[in-house]
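Beneath this line is the structure, given in structure tokens, with notes to follow.
The values are calculated or read from the model by the stated rules, or taken from the named source; none is laboratory data. Since we're looking at a predicted model, the values are computed, not measured. Glycine also receives a Cβ, built like all others from the backbone with ideal geometry; neighbour counts cover every protein chain displayed.
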Amino acid sequence: MAKVAIMGFGTVGSGVYDIIKTNREKLYRNTNGEMVDIKYILDIRDFDDHPEKELFTKDFNDILNDSEVTVVAEVMGGLHPAYEFTKSLLESGKSVVTSNKELVATYGTELLDIAREKNVNYLFEASVGGGIPIIRPMHQCLTANNIKSIAGILNGTTNYILNEMIKKGKTFDDALKDAQNNGYAERNPAADIEGHDACRKIAILSSLASGYAVDYNDIETEGITNITLDDVKYASAMNSVIKLIGYAKLFDDGKIYSIVSPMLVKNSSPLAGVDGVFNAILVTGDCVGDVMFYGAGAGKLPTASAVVADIVDAVKHFERSKKIMWVKPENNIMASSEDKSFAYFVRTTASADDVAKVFGKCEFVDNVVAGESAFVTAEMTGSEAKEKFSKLDIVSGIRILD
Ligand code: HSE
């Protein structure tokens with residue numbers, strides 16, 4: 001019998017509980033004959049009407065000091081006290097699995113080190129892409145490859161909002177409210193719409209791909225709050241869609257460039273048809289070529305599905321550290337926006353002649369909004385784009401995913 005604890009009984013935590021109860025027999029077979037049994041649920045709220053109310057505790061020490069508990073699911077979110085709890089649990093020889101991307105992106109290197117030292121596991125399949133298997137495939141199945149690039153729709157809430165606005169004509173606020181009611185959105189929706197959630201996820205994937213910790217503070221991040229319905233209409237006229245993309249490019253010299261930004265994605269890209277709360281991650285390896293991982297990127301059962309998979313893995317590998325996944329780099333490994341050029345879709349109130357003077361030869365796009373010029377630039381570095389944009393009255397400038 002494997003005794004586990006769940007820390008946090010919100011959307012994901014209750015999903016973990018439901019799956020462990022519902023798929024009991026299936027989990028038993030997959031742990032090679034160990035029944036996964038929930039011994040504690042930690043939450044500061046009261047759950048007096050819950051059928052197993054005796055499992056609930058408000059005292060973290062009940063879990064920490066119980067030597068029977070070998071695996072703990074940290075699905076409480078946020079940095080504190082999740083960090084302190086996780087650290088104490090790993091130090092006491094318990095494995096921890098989590099969906100907490102903020103924690104993994106911020107303290108992952110340290111927590112992985114402790115797990116290695118203590119011969120236990122710190123697993124975080126649910127931290128990126130919700131229910132999509134991506135951490136384990138990148139770490140294990142693609143291990144023969146040098147990863148060249150990653151382009152992902154990594155935030156279900158923003159993808160859902162963009163989709164509801166475009167296809168159902170909903171307002172931004174209504175679409176956001178729906179995402180919150182469905183349990184997709186972060187407690188502070190700014191984390192979704194300003195791109196911070198996607199930033200943490202691309203930092204985790206960048207660290208996995210390079211083997212070195214990528215600090216999310218080093219990743220240029222722009223959300224979807226400046227995207228308008230007119231931008232969306234232009235995109236549609238150009239056989240494209242606008243998606244919030246987490247992007248990473250790995251260079252042969254070991255440097256890595258990562259960014260989160262709304263990007264114009266051509267309809268011919270497999271990422272273009274990824275709608276609603278779905279996420280997709282397109283990974284390019286030097287041997288395998290392109291592979292795409294697709295599925296529900298948020299929500300109760302999809303995210304809990306990945307957490308429970310990690311619980312099973314941790315039970316099976318009890319007292320055997322899986323030795324993942326990255327280390328702190330000795331030198332700066334971050335490339336800059338000078339190392340990666342993008343073409344841009346630009347809208348301006350300036351005339352076509354003025355556009356040509358600043359941007360040279362451009363590909364003009366039919367007007368959707370009267371009195372504007374809209375065009376696609378040649379590829380430019382970050383500083384070139386900044387310099388040229390400063391010379392004209394720019395309505396919007398959106399990177400194009402290559
Ligand atoms: N708020 C996140 C999203 C939840 O919308 O993708 C899953 O990480």
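If you scan the stretch 376-389, which residues turn out to be surrounded by 13 or more Cβ atoms within 10 Å (Cβ to Cβ), assigned to a helix (DSSP H, G or I) and of a type in the set (Asp, Glu)?
Of all residues in the stretch 376-389, those surrounded by 13 or more Cβ atoms within 10 Å (Cβ to Cβ) come to 376-382, 384-385, 388-389.
Those still in the list that are assigned to a helix (DSSP H, G or I) too: 382, 384-385, 388-389.
The answer is GLU384, and nothing else.
Residues that are within 15 Å of the chain's Cα centre (by Cα) and within 13 Å of the ligand (Cβ to nearest atom): find the helices (runs of 4 or more DSSP H) completely inside the stretch 142-198 holding 2 or more of those. Let's see the steps before the verdict.
On the way: elements: 156-168, 172-181, 190-193.
Counting at least 2 such residues, we get 156-168, 190-193.
Is it the case that the stretch 132-140 has a residue that's in contact with a strand residue (DSSP E or B) (Cβ under 8 Å, 6 or more places away or on another chain) and either among the basic types (Lys, Arg) or without any contact (Cβ under 8 Å) to a residue 40 or more places away in the chain (or both)?
Checking the stretch 132-140: not a single residue is in contact with a strand residue (DSSP E or B) (Cβ under 8 Å, 6 or more places away or on another chain) and either among the basic types (Lys, Arg) or without any contact (Cβ under 8 Å) to a residue 40 or more places away in the chain (or both).
Restricting to the stretch 348-375, what's the tally of residues that are among the hydroxyl-bearing types (Ser, Thr, Tyr) and surrounded by fewer than 15 Cβ atoms within 10 Å (Cβ to Cβ)?
As a first pass, look at the stretch 348-375 and keep what is among the hydroxyl-bearing types (Ser, Thr, Tyr): 348-349, 351, 373.
Those still in the list that are surrounded by fewer than 15 Cβ atoms within 10 Å (Cβ to Cβ) too: 349, 351.
Here the count works out to 2.
Looking only at the stretch 225-244, decide whether some residue is out of contact with any Phe, Trp or Tyr (no Cβ under 9 Å at 6 or more places or on another chain), crowded, with 23+ Cβ neighbours inside 10 Å and not hydrophobic (A, V, I, L, M, F, W, C).
The answer is yes; a qualifying residue exists.
Can you tell me which of (1) closer than 29 Å to SER207 by Cβ; (2) not in a loop (DSSP other than H, G, I, E, B) is the one HIS80 doesn't meet?
It is condition (2) that HIS80 fails.
Test SER261 against the stated conditions and say whether it is assigned to a helix (DSSP H, G or I), among the hydroxyl-bearing types (Ser, Thr, Tyr) and away from the ligand (no atom under 14 Å from the Cβ).
Numbers: assigned to a helix (DSSP H, G or I): no; among the hydroxyl-bearing types (Ser, Thr, Tyr): yes; away from the ligand (no atom under 14 Å from the Cβ): yes.
Taking the combined requirement at face value, the residue does not satisfy it.
What's the number of the condition ALA304 fails, among (1) within 16 Å of the ligand (Cβ to nearest atom); (2) aliphatic (A, V, I, L, M); (3) touching a strand residue (DSSP E or B) at 6+ places or on another chain (Cβ under 8 Å)?
Single failed check for ALA304: (3).
In the stretch 199-245, what residues are assigned to a strand (DSSP E or B) and touching a Leu at 6+ places or on another chain (Cβ under 8 Å)? Before the answer, list the steps.
Residues of the stretch 199-245 that are assigned to a strand (DSSP E or B), as a first pass: 212, 220-221, 240-245.
Answer for the stretch 199-245, where residues must be assigned to a strand (DSSP E or B) and touching a Leu at 6+ places or on another chain (Cβ under 8 Å): SER240, VAL241, ILE242, LYS243, LEU244, ILE245.
Residues of the stretch 273-320 being assigned to a loop (DSSP other than H, G, I, E, B) and in contact with a Ser or Thr (Cβ under 7 Å, 6 or more places away or on another chain), which ones?
Here is the first cut: in the stretch 273-320, the ones assigned to a loop (DSSP other than H, G, I, E, B) are 273-277, 286-288, 297-299, 317-320.
Result: ALA298, PHE318.
Residue-by-condition table, conditions (1) touching a Ser or Thr at 6+ places or on another chain (Cβ under 6 Å); (2) touching a residue at least 24 places away in the same chain (Cβ under 8 Å):
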site: LYS58; (1), (2): no, no
site: LEU64; (1), (2): yes, yes
site: GLU68; (1), (2): no, yes
site: LEU90; (1), (2): no, yes
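Being away from the ligand (no atom under 16 Å from the Cβ), under 23 Å from the mean Cα position of the chain (by Cα) and either in a helix (DSSP H, G or I) or at pLDDT below 95 (or both) is true for just one of THR106, THR86. Which residue is that?
Details: THR106 fails: away from the ligand (no atom under 16 Å from the Cβ).
When all the criteria are applied, what remains is THR86.
One residue is enough: does the stretch 390-402 have a residue meeting the conditions modelled with pLDDT under 95 and under 21 Å from LEU244 (Cα atoms)? Step through it out loud before you land on a result.
So in the stretch 390-402, the residues modelled with pLDDT under 95 come out as 402.
Narrowing the set further to residues that are under 21 Å from LEU244 (Cα atoms) leaves 402.
Looking for residues that are modelled with pLDDT under 95 and under 21 Å from LEU244 (Cα atoms), one finds at least one in the stretch 390-402, hence yes.
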